[in-house]
Structures are given as C-alpha cells and as structure tokens.
Amino acid sequence: MTGKSVKDVDRYQAVLANLLLEEDNKFCADCQSKGPRWASWNIGVFICIRCAGIHRNLGVHISRVKSVNLDQWTQEQIQCMQEMGNGKANRLYEAYLPETFRRPQID
C-alpha cells in the first residue's frame with residue numbers, strides 16, 4: 001500500500017458509502033442517472049461511469065476522477081467530497097443556468 005493502513009482505507013470507504021446514502025448523492029451530479037459509482041473529487045461530486053469518462057476527457061486540471069470502490073482515496077480527497085457533495089455543488093456551479101438549459105441524458 002502507499003503508506004495508508006488497511007484501517008484508513010476501510011474508514012475512507014465507509015465515509016464514501018455514507019456520503020452516497022445522502023439523497024443528493026444518489027444520482028449523478030451531471031445527468032441524474034441513479035447510483036453513481038465514480039467521483040470528481042476536486043469538484044466534490046458523485047457521477048456515473050458515462051459522465052466520469054466525460055470528466056476524464058476534460059483533463060486533470062479541471063476534473064480529477066476516481067472510482068468510489070476501485071481506487072484508493074486520500075484524506076484530502078475524502079475531505080473535498082464531504083465539504084461539497086452533489087447538492088451543494090449543483091447549487092454553486094449551476095446557479096446561473098438558463099431555464100432552457102437541457103441537462104445531459106443517460107442515453
């Protein structure tokens with residue numbers, strides 16, 4: 001492991017699992033598909049696999065994507081997710097979207 005104890009890894013996974021139980025985090029922050037399993041940790045949002053691919057294409061200077069289950073997380077990354085979450089992020093980043101804005105669809 002990269003200097004993290006098994007205890008830390010388990011604790012971080014438990015924190016992520018609890019965050020995913022929050023109502024706003026049960027749906028992808030971008031397309032609203034159910035059950036996101038990926039996250040853009042620097043933005044602080046949970047996203048679906050399709051939107052994770054889009055975020056990866058934006059570049060790491062914009063969005064840093066990790067799998068909720070497959071990747072190892074650091075304390076800093078967990079903290080970013082705890083501080084933001086989908087609801088807060090969407091209120092912040094989508095505050096000035098026009099009423100005619102069409103959200104990406106799962107298809």
Under 18 Å from the L97 label point (7 Å along Cα→beta-carbon), backbone N, segment 21-36: 23-36
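Excluding same-chain pairs closer than 8 in sequence, count the lysine pairs in segment 6-88 whose Cα atoms lie under 19 Å apart.
Details: K26/K34; K26/K66; K26/K88; K34/K66; K34/K88.
Lysine pairs meeting both conditions in segment 6-88 amount to 5.
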Per-q log10 I(q)/I(0), the chain, q = 0.24, 0.25 Å⁻¹ (Debye; single scatterer per alpha-carbon; no solvent): -1.43, -1.52
Segments 46-55, 61-70 sorted - mean Cβ within 10 Å per residue, highest first: 46-55, 61-70
Per-pair calculated FRET efficiency, R0 = 25 Å: L21 and Q72 via Cβ, rounded to 0.05: 0.75
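Taken together, the values in this text are just the output of simple stated rules run on the coordinates, not laboratory data. All of these numbers come straight from a predicted model, not from anything done at the bench. Here Cβ is always computed from backbone atoms with ideal geometry, including for glycine, and neighbour counts include all displayed protein chains.
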